[in-house]
Amino acid sequence: MSASGLRAREIEALTQDEAAEELAALAAEIAHHDRRYHAEDAPEISDADYDALVRRNRAIEGRFPELIRDDSPSRRVGAGATEGFGKFVHGMPMLSLDNAFGDEDFAEFGARIRRFLGLSDDPLRFVGEPKIDGLSINLLYEDGRFVRGGTRGDGASGEDVTANLRTLKDLPLRLKGSAPTRIEIRGEVFMEKAAFLAFNAEQARRIEAGEKGLRVFANPRNAAAGSLRQLDPKITAQRPLKLFAYAMGETSERPTDTHWHWLERLADWGFQVNPLSRLLATEADAAAFQAEIAAARAGLAYDIDGAVYKLDRLDWQERLGFVGRAPRWAMAWKFPAEQATTRLLEIQIQVGRTGALTPRAVMEPVNVGGVVVQHATLHNEDEIARKDVRVGDTVVLQRAGDVIPQIVSVVLDRRPADSVPFAFPQTCPACGSHAVRAGDDVVRRCTGGLTCPAQTVERLIHFTRRNAMDIEGLGAERIQLLFDKGWLRSPAEIFRLHAREGELAALEGWGELSVRNLLRAIEARRTVPLDRFIFALGIRRIGEANAKLLARHYHTLPEWRQGMLDARIIGSEAREALGSIQGIGPAIAQELVDFFDEPHNLDALDDLAGEVTPEEVAGPAATDSPFAGKTMVFTGTLETMTRPEAEDRAERLGAKVTKSVSKKTDFVVVGADAGSKATKAAELGVRTLTEAEWREMAGYG
Ligand code: IVH
């Protein structure tokens, strides 16, 4: 049934698939009318008809909240708002935090710090702070004046919301006292609970009275985000937004030696600093602080979802650095997950891009800690068997942090008498190929490869994703549609879609303008950094971090391609080189080799390489250190630092750290009791450094 046919249907009668289809059509249609009205000043429909579309969209979302799309009209604050802000590039990336959920996780966090820094049992001093449930922002001050501010965005850059931030009463436009010439200050913008309820009630009243362009928000966090992203700062000024400052970004000089003093400086400069923040003399104090914050939670004026623990010494923070997107020196300890019970209606099997069959539970919708949940992951076949989850069961559901809801257990007393254990399919539900489990893999996989439509579509979706090729306007639904039409079967074909411009524009809900934008977005990706290109291929276990390692090691696509083909021979120099990359273990090497062993993968890659030219990736962050662009090996025991710390430092100085010594190695740092690697270095005439020489050249104080 077409979407317009669906529109006549009662919302109560819509199935989930129909609702999803209609929401997609409505998003496109409303976006089209927004453009006609706001950008082109040429509306095609009456205000009343437009409002009817918006209301229908909202009503469907009300019934199917889990289907709310990223590009939903209800998420847009005003037409064009998403395009209305300039870009704010963070001087230092804005990262996220790893989560701990209990004592053990926290103890492991402490242990990891000690291991990395090579500390003995001296107590670690932490600062504990409530984790505010708002949105993080970055504020740039120059000569003590607020100059610009932005949202976190993807961590590297966000939206420039300076004009809106200026309206916040908690934001000092000038720092009191002396300050570094240039400093980024980070904090959380939020709305208090009572203010949120009053604000939402007022919005509802005005909507009821017929005012246009208004909306109510699901929670204070969304309300704060929506308010900060208003195009008109006068509107932001009327919203009850508050700000706590808590972190430092890039700075021309470090103003303090400890995080605790840093919080004091923030307060002196005129920021609000959370009054519950506490200096904790030892790790053992964290559990008590956590309990204290949990007890205070309900009585606080604002929402929190846990506490954040930061190592107090900034020099240690600096040495610890980051892994992936999170610092090694901080941790969020979240409150226990919220739970609810509901009935399991169906177990669906989804097929992922690597063929993994993943079971998904479909349940009667239930409210878990403020969010309506209808789907949960069941992980894999063994997990279903272990919990003996059956269709018809009443199950306990939980949501922990931002993760997908999980089924914790089954309420056996309420199991229907006629229930049967779930039989996991032995064939792929998408293509009928055998689905097998290799060795001790817990995952059952479809053997259909590229003949399996589900895998092909999932790979295409992965390929276009934001952190992969980032092709805007080519989301999951459109890919599925183009696949069904037979117009899109491989990544390379994306770059040949321009030949179908007319046919695309004729598709319902697409339109000429949106097709033109899509084709432009595709053209813009004919050159991409090599690491994104590698990640986009969707090879198992090659996530963003590993793709970066490969790109840095091989620099260009032809070199990588040849390196992988040669590495298929066990014992070859190419295989050794692959295995020697710090961070690439044997299992990952095997995945790469397996991928290149399949002729159809190579064909698809070469076809794609005819359309896209990956940019050469230079060694890691070129610096003027003597190690920039060099290949290094560390061997033996270092005395003043641990090996991981030294390797991390070397990488930050632009070196490529590998595990084995070869002709290509530039430096071998030799610690105490070094074995064969030192001997090999001597044989090959590779330059060796003592620990003292390494410290000197690496600029340790
Ligand atoms: S510190 C590298 N402190 O939590 C350190 N973050 O999960 C980064 N958040 O994006 C942040 N309260 O939005 C820090 N007291 C606090 C926080 C806090 C809330 C948020 C922040 C961040 C997210 C990370």
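The values are calculated or read from the model by the stated rules, or taken from the named source; none is laboratory data. For clarity, every value in this text was computed on a predicted model and none was experimentally measured. Neighbour counts run over all protein chains shown; Cβ positions are idealised from the backbone, glycine included.
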Conditions (1) among the charged types (D, E, K, R); (2) under 23 Å from residue 322 (Cβ atoms); (3) more than 12 Å from the ligand (Cβ to nearest atom) -> residue 170 fails only (2)
Scanning segment 488-506 residue by residue, those crowded, with 17+ Cβ neighbours inside 10 Å and under 17 Å from residue 611 (Cβ atoms) turn out to be 488, 490, 491, 492, 493, 494, 495, 497, 500
Practice problem: Assess whether residue 283 counts as being away from the ligand (no atom under 13 Å from the Cβ) and either surrounded by 15 or more Cβ atoms within 10 Å (Cβ to Cβ) or not in a helix (DSSP H, G or I) (or both). | Solution: yes
Checked 438, 417, 423 against criteria (within 30 Å of residue 547 (Cα to Cα), assigned to a loop (DSSP other than H, G, I, E, B) and not charged (D, E, K, R)); the one match is 438
Considering segment 434-469, residues that are over 19 Å from residue 486 (Cα atoms), hydrophobic (A, V, I, L, M, F, W, C) and in contact with a strand residue (DSSP E or B) (Cβ under 7 Å, 6 or more places away or on another chain), and then whichever is surrounded by the most Cβ atoms within 10 Å (Cβ to Cβ), we arrive at 446
Considering segment 132-156, residues that are farther than 20 Å from residue 326 by Cα and in contact with a helix residue (DSSP H, G or I) (Cβ under 6 Å, 6 or more places away or on another chain), and then whichever is nearest to the ligand (Cβ to nearest atom), we arrive at 149
How many residues of segment 572-600 are under 30 Å from the mean Cα position of the chain (by Cα), in contact (Cβ under 8 Å) with a residue 60 or more places away in the chain and in a helix (DSSP H, G or I)? The answer is 1
Residues of segment 129-178 being among the charged types (D, E, K, R), loosely packed, with under 14 Cβ neighbours inside 10 Å and part of a strand (DSSP E or B), in sequence order, are 145, 174
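Just to be sure before I move on: is residue 534 of a type in the set (Val, Ile, Thr) and buried (at least 21 other Cβ atoms within 10 Å of the Cβ) in the structure I sent? Write out each step before concluding.
Details: of a type in the set (Val, Ile, Thr): yes; buried (at least 21 other Cβ atoms within 10 Å of the Cβ): yes.
So residue 534 passes the test.
List the helices (runs of 4 or more DSSP H) that sit entirely inside segment 450-528 and contain at least 3 residues that are among the polar types (S, T, N, Q) and within 28 Å of residue 352 (Cβ to Cβ). Before the answer, list the steps.
Working: elements: 453-464, 476-485, 491-494, 501-505, 511-523.
Here the list reads 453-464.
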**OP:** Would you check if there is a residue in segment 35-47 being among the polar types (S, T, N, Q), over 19 Å from residue 232 (Cβ atoms) and modelled with pLDDT under 75?
**Re:** yes
Picked from segment 104-128 (must be among the acidic types (Asp, Glu) and not in a helix (DSSP H, G or I)), the residue nearest to residue 312 (Cα to Cα) is 122
Of those in segment 142-161 that are β-branched (Val, Ile, Thr) and in contact (Cβ under 8 Å) with a residue 40 or more places away in the chain, the residue nearest to residue 234 (Cα to Cα) is 161
Residues of segment 384-414 being free of Cβ contacts under 8 Å to residues at least 60 places away in the same chain, part of a loop (DSSP other than H, G, I, E, B) and crowded, with 17+ Cβ neighbours inside 10 Å, in sequence order, are 389, 390, 393, 405
Listed by first then second residue, the pairs whose first member lies in segment 305-334 and is under 27 Å from residue 193 (Cα atoms) and touching a residue at least 40 places away in the same chain (Cβ under 8 Å), whose partner is part of a loop (DSSP other than H, G, I, E, B) and more than 12 Å from the ligand (Cβ to nearest atom), with beta carbons under 6 Å and at least 6 positions apart or on separate chains, are 306/335; 334/101
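Name the single residue that is nearest to the chain's Cα centre (by Cα) among those in segment 403-428 being of a type outside the set (A, V, I, L, M) and under 25 Å from residue 372 (Cβ atoms). Walk me through how you get there before you give the answer.
Taking segment 403-428 first, the residues of a type outside the set (A, V, I, L, M) are 405-406, 409, 413-416, 418-419, 421-422, 424-428.
Those still in the list that are under 25 Å from residue 372 (Cβ atoms) too: 405-406, 409, 414-416, 422.
Working: 405: 17, 406: 19, 409: 28, 414: 38, 415: 38, 416: 40, 422: 33 Å.
The extreme case among them is 405.
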Evaluate segment 364-377: report whether one residue or more is among the hydrophobic types (A, V, I, L, M, F, W, C), at pLDDT 95 or above and over 21 Å from the mean Cα position of the chain (by Cα). no
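Within segment 216-227, is even one residue within 12 Å of the ligand (Cβ to nearest atom), farther than 24 Å from residue 74 by Cα and either at pLDDT 85 or above or surrounded by fewer than 21 Cβ atoms within 10 Å (Cβ to Cβ) (or both)?
Looking only at segment 216-227, we keep the residues that are within 12 Å of the ligand (Cβ to nearest atom), and these are 221, 224-225.
Subset that is farther than 24 Å from residue 74 by Cα: none.
No, there is no match, as no residue in segment 216-227 is within 12 Å of the ligand (Cβ to nearest atom), farther than 24 Å from residue 74 by Cα and either at pLDDT 85 or above or surrounded by fewer than 21 Cβ atoms within 10 Å (Cβ to Cβ) (or both).
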If we keep only residues of segment 293-302 that are within 15 Å of the ligand (Cβ to nearest atom) and of a type outside the set (A, V, I, L, M), then the residue nearest to residue 181 (Cα to Cα) is 302
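Looking at this structure, is residue 305 out of contact with any His (no Cβ under 6 Å at 6 or more places or on another chain), within 16 Å of the ligand (Cβ to nearest atom) and within 30 Å of residue 73 (Cα to Cα)? Outline the logic, then answer.
On the way: out of contact with any His (no Cβ under 6 Å at 6 or more places or on another chain): yes; within 16 Å of the ligand (Cβ to nearest atom): yes; within 30 Å of residue 73 (Cα to Cα): yes.
Yes, satisfied.
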Pairing a residue in segment 527-554 that is free of Cβ contacts under 8 Å to residues at least 60 places away in the same chain with any residue that is among the hydrophobic types (A, V, I, L, M, F, W, C) and assigned to a strand (DSSP E or B), where Cβ atoms lie under 8 Å and the two sit 6 or more apart in sequence or on different chains, gives 549/581; 550/581
Scanning segment 87-108 for residues that are hydrophobic (A, V, I, L, M, F, W, C), more than 12 Å from the ligand (Cβ to nearest atom) and within 13 Å of residue 151 (Cα to Cα) gives 88, 89
Per the list (1) under 27 Å from residue 195 (Cα atoms); (2) within 10 Å of the ligand (Cβ to nearest atom), residue check on residue 159 breaks on (2)
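Name the residue that is surrounded by the most Cβ atoms within 10 Å (Cβ to Cβ), counting only residues in segment 662-680 that are touching a residue at least 24 places away in the same chain (Cβ under 8 Å) and more than 22 Å from residue 626 (Cα to Cα). Walk me through it before giving the result.
First, the residues of segment 662-680 that are touching a residue at least 24 places away in the same chain (Cβ under 8 Å): 662, 664-675, 677-678.
Okay, now just the ones that are also more than 22 Å from residue 626 (Cα to Cα), so 672-675.
Numbers: 672: 9, 673: 9, 674: 17, 675: 9.
Step by step, filter segment 662-680, then rank; the result is 674.
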Those residues of segment 132-144 which are touching a Lys or Arg at 6+ places or on another chain (Cβ under 8 Å) and either over 18 Å from residue 249 (Cα atoms) or small (Gly, Ala, Ser) (or both) amount to 133, 134, 136, 144
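Name the residue, out of 60, 113, 68, that is modelled with pLDDT under 90 and over 27 Å from residue 164 (Cβ atoms).
Values: 113 fails: modelled with pLDDT under 90; 68 fails: over 27 Å from residue 164 (Cβ atoms).
Exactly one residue qualifies, and that residue is 60.
Mind checking which residues of segment 235-280 are hydroxyl-bearing (Ser, Thr, Tyr), within 17 Å of residue 178 (Cβ to Cβ) and outside any loop (DSSP other than H, G, I, E, B)?
Residues of segment 235-280 that are hydroxyl-bearing (Ser, Thr, Tyr), as a first pass: 236, 246, 251-252, 256, 258, 277.
Adding the requirement that they be within 17 Å of residue 178 (Cβ to Cβ) leaves 251-252, 256.
The answer is 251, and nothing else.
Tell me, please, whether a residue that is of a type in the set (A, V, I, L, M), part of a helix (DSSP H, G or I) and surrounded by 15 or more Cβ atoms within 10 Å (Cβ to Cβ) can be found in segment 304-316. If you could, list the steps in order and put the result at the bottom.
Quick first cut of segment 304-316, residues of a type in the set (A, V, I, L, M) only: 304, 307-308, 311, 314.
With the extra rule that they be part of a helix (DSSP H, G or I), the set shrinks to 314.
Next cut, surrounded by 15 or more Cβ atoms within 10 Å (Cβ to Cβ) only: 314.
Within segment 304-316 (the criterion being of a type in the set (A, V, I, L, M), part of a helix (DSSP H, G or I) and surrounded by 15 or more Cβ atoms within 10 Å (Cβ to Cβ)), the answer is yes, since at least one residue qualifies.
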